[in-house]
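Asker: I have a structure here, written as structure tokens, and I will follow up with some questions on it.
Every number in this text was worked out from the coordinates using simple rules, so none of it is lab data. Since this is a predicted model, take the numbers as computed values, not measurements. Methodologically, a virtual Cβ is constructed for each residue, glycine included, from the backbone with ideal geometry; neighbour enumeration extends over all protein chains shown.
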């Protein structure tokens, strides 16, 4: 559940004579032997192609690129539980890989974006990247994706940080937005890092809830964890790694403690720390990393899945609701782009629109290539 809960007859074969049966058995045996020889030759010489294995990316296990599909309108887990291919080893690009649910056409979503820059409402800021970024194809594709959302009356923010160089790319990164279920990822890591890793809680006692929370964004699992660990654990964990929580979350108690309003820059900072924990190699970190790699719904994975492995957690909500809920489509995580992994967040007030946000992530990945 990605949307939060503010408001699944018989005929015997003719008998042959004994003489013919012997002959038939001899012929059948010869044919079977010949077939076996052909299969062996085909496999060893490549005449008969083997079933291809799905490539593995940095994520330790599971699918890194879920099938592209719109979330269930009621925020529940999609009835179509198929997943797409994994990322390829070490984030290297997969030749000829098709976008999930496509049999023809562009290899990636970025190929669907025009390479001519267009106006957008605000400045796209780059810090520490190439001086040629603004004239690159990647930058042009990014403006097309952002502009398409804005043409429909929506707003969008994003923040990308290259973890190897420290270069950043951002757009309206300090606008506070409703995170929907994207906040479930940080809340779960807060539990594991502060409670499981310190031995205060047995990881086995929360592992099933963790799986439901990340793979299907289950609201019941989120409520169960909140009942057990409370509301303050997230803020305590954030302050523990130097995150400034001043003004974080807004003024409504429900959104402050369950779905706190957050900026793209803040959520990227949180995921930068989450990446450090998920990469630490502990049993708990490895388990969570495998879940974040296999999440069911993700515009980020829709965009980069054919190219790279990723970790992430999305959120979405269809309308204005009680207690501060608002229309939203959000995703945040880490993309293992070869030697240049990056943290990325994109947030929009478009209601539950994975396709539009996936194009923004595709534009961001293209721009990152030129950053």
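Asker: Within a 10 angstrom radius of the beta carbon, how do 340, 265, 152, 223 rank from fewest other beta carbons to most?
Answerer: Ordered by Cβ neighbours within 10 Å, fewest first: 152, 223, 340, 265.
Asker: Then there is this: If each residue's Cβ is checked for other Cβ atoms within 10 Å, how do 241, 361, 222, 229 rank with the fewest at the top?
Answerer: 241, 229, 222, 361
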